[in-house]
C-alpha cells in the first residue's frame with residue numbers, strides 16, 4: 001500500500017512494516033491507512049508473514065518509521081520519533097495495541113507517545129498589562145482565549161494572566177506549528193493536549209479544561225500531529 005502524492009501532499013518516505021498472519025494484517029493495514037490519510041501523512045506499507053524475511057529485509061532499515069508485529073493475538077509496535085522536529089535527533093518508542101485495531105486506539109497511542117517524548121521547545125512569551133510584566137514559558141501555556149477586548153493566558157498551574165494584545169498578534173510571536181488556533185477565540189498548545197474527543201469537536205487539556213475545536217481547528221491539529229510524527233509539515237494550506 002502506498003499513499004504519497006496529490007491533493008496537497010508532499011512525498012515523504014514514511015515506510016511501515018507489518019508482520020503477522022495475513023488476515024490480521026489486513027485489518028491493521030486498513031485502520032492505519034484510514035488514520036494516516038485523515039492525518040494527511042504520506043506512507044508506504046509493506047506486509048510480510050515470514051519472520052525471517054521480516055528480520056532480514058525490514059527490521060534494521062533506517063528508512064522505516066513504524067514496525068507492527070502481530071503474534072499469538074498480541075500486537076506490538078516500534079515507532080521512530082523525532083525529538084526535536086528537525087529530523088536530526090531520533091529514538092524509538094514501543095508499546096502494545098489492542099485487536100481489532102481502531103482509529104481511536106491508534107490515535108490515543110500516538111498522542112501518548114508524543115506526550116511522553118516531547119517538550120515544547122520554544123522559549124518564552126513576554127506578557128504585559130497595566131499592572132505587571134511577566135515572562136511565560138511556552139511549555140507552561142495551555143491555552144489563550146479571547147474575552148471582550150483582552151486575551152487571557154491560561155497556564156498549566158491554573159493561573160491566568162490578562163493582556164491587551166490580540167490573539168492574532170500573540171500568535172505571530174509563538175510557533176504556529178504547535179500553537180493551534182483550534183476555534184474562534186482560542187489558541188492551544190499542542191503539547192499540552194491530553195485527549196481529543198471521538199468526534200474531534202473537543203480538546204481536553206492536561207489541566208482538565210475542555211476547549212471546542214472547529215473544522216479548521218481540526219486541520220491545524222492534524223497538521224501538528226503530522227509534523228510531530230514525521231518531522232515534516234505535510235500540508236500546504
Subtract the Cα-Cα distance of residue 175 and residue 132 from 0.36 nm times their separation in residues, and report this length gain in nm to one decimal.
-> 13.1 nm
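If you count, for each residue, the other Cβ atoms within 10 Å and average over each peptide, how do 162-172, 130-140 line up from highest to lowest?
On the way: 162-172: 14.5, 130-140: 12.6.
For the peptides 162-172, 130-140, the packing ranking is 162-172, 130-140.
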Arranged from highest to lowest average of other beta-carbon atoms within 10 Å per residue, in what order do the peptides 151-158, 20-27, 187-194 appear?
-> 187-194, 151-158, 20-27
Dimensions of the stretch 102-225 along principal axes (Cα, Å, largest first)?
-> 50, 28, 23
Quick one: 200, 178, fewest Cβ neighbours within 10 Å first, how do they rank?
-> 200, 178
Estimated FRET transfer efficiency (residue 104, residue 156; beta-carbon r; R0 30 Å; 0.05) = 0.75
Everything considered on the Cα gyration tensor (a ≥ b ≥ c; rounded for a/c under 1.5, else prolate if a/b is larger than b/c, else oblate), the stretch 141-192 must be described as oblate
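What order, most packed first, do the peptides 219-228, 44-53 have when packing is the mean number of other Cβ atoms within 10 Å of each residue? Intermediate results must be reported in sequence, preceding the final value.
Numbers: 219-228: 20.3, 44-53: 14.5.
For the peptides 219-228, 44-53, the packing ranking is 219-228, 44-53.
Laboratory data are not the source of any read-out in this text; all were calculated from the coordinates shown. Only a predicted model underlies this, so the values are computations on that prediction, with no experimental measurement involved. Neighbour counts run over all protein chains shown; Cβ positions are idealised from the backbone, glycine included.
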